[in-house]
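Contents: one structure, followed by commentary.
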Amino acid sequence: MSYLVVYLATFIVFLAVDFVGLSYMIKPLFQREIAPLMLENFRVVPAFLFYAFLVFVVMWFVGWPALSEGKSLFWVFGSAALIGAASYGTYEFTNYAVLKDWTATMVMADLSWGTFLTGASCTAGVAITRAFGLA
């Protein structure tokens, strides 16, 4: 039960916080830099699949071990942020390596955002689960 709760809590926090970050930070930057490449409306299914899979990976390596082994929230944040950096970094550095209009500013903004978002979301999910006494 606690594994499902931490997954759902992390997923919901991730979506809510990322909506704010994408709306007010990432989207305006990307529109300024690569507007002709952007869709008017994003593709929901690929975005959902990425989020669902990323949160599952973070749960597998961070959230579930944190609950079963009593890891600190500091450990949770650092470990989840590392996975976020690897995930967002793969996307950003690959685009920067092969796309002529991709900028270092885009790389640093999205990489920083994804690293923070992943660490903070998992930390919140674990904290919420523990607050309900499910750890």
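The values are calculated or read from the model by the stated rules, or taken from the named source; none is laboratory data. As the structure is a computational prediction, the values presented were derived from the model and not from experiment. Here Cβ is always computed from backbone atoms with ideal geometry, including for glycine, and neighbour counts include all displayed protein chains.
Of everything in segment 80-135, what is of a type in the set (A, V, I, L, M), under 21 Å from Leu29 (Cβ atoms) and assigned to a helix (DSSP H, G or I)? Give them in sequence order.
Within segment 80-135, the first condition is being of a type in the set (A, V, I, L, M), and the residues that meet it are 80-83, 85-86, 97-99, 104, 106-109, 111, 117, 120, 124, 126-128, 131, 134-135.
Next, from what is left, pick out any that are under 21 Å from Leu29 (Cβ atoms): 81, 85, 97-99, 104, 106-109, 111, 117, 120.
Once the filter is applied, which keeps residues that are of a type in the set (A, V, I, L, M), under 21 Å from Leu29 (Cβ atoms) and assigned to a helix (DSSP H, G or I), segment 80-135 yields Ala81, Ala85, Ala97, Val98, Ala104, Met106, Val107, Met108, Ala109, Leu111, Leu117, Ala120.
For segment 96-120, give me each residue that is crowded, with 18+ Cβ neighbours inside 10 Å and of a type in the set (Ser, Thr, Tyr).
Residues satisfying the conditions are Thr115, Thr118.
With of a type in the set (Phe, Trp, Tyr) and not in a helix (DSSP H, G or I) as the only criterion, which of Phe19, Phe30, Phe42 stands out? Reasoning before the result, please.
Numbers: Phe19 fails: not in a helix (DSSP H, G or I); Phe30 fails: not in a helix (DSSP H, G or I).
Answer to the check: Phe42.
Go through segment 104-135 and count every residue that is touching a residue at least 24 places away in the same chain (Cβ under 8 Å) and farther than 22 Å from Ala47 by Cβ.
Quick first cut of segment 104-135, residues touching a residue at least 24 places away in the same chain (Cβ under 8 Å) only: 105-106, 109-111, 113-130, 132, 134-135.
Narrowing the set further to residues that are farther than 22 Å from Ala47 by Cβ leaves 105, 123, 126-130, 132, 134-135.
Total satisfying the criteria: 10.
Determine whether segment 41-59 contains at least one residue that is modelled with pLDDT of 95 or more, over 19 Å from the mean Cα position of the chain (by Cα), closer than 22 Å to Ile12 by Cβ and aliphatic (A, V, I, L, M).
The answer is no, given that none of the residues of segment 41-59 is modelled with pLDDT of 95 or more, over 19 Å from the mean Cα position of the chain (by Cα), closer than 22 Å to Ile12 by Cβ and aliphatic (A, V, I, L, M).
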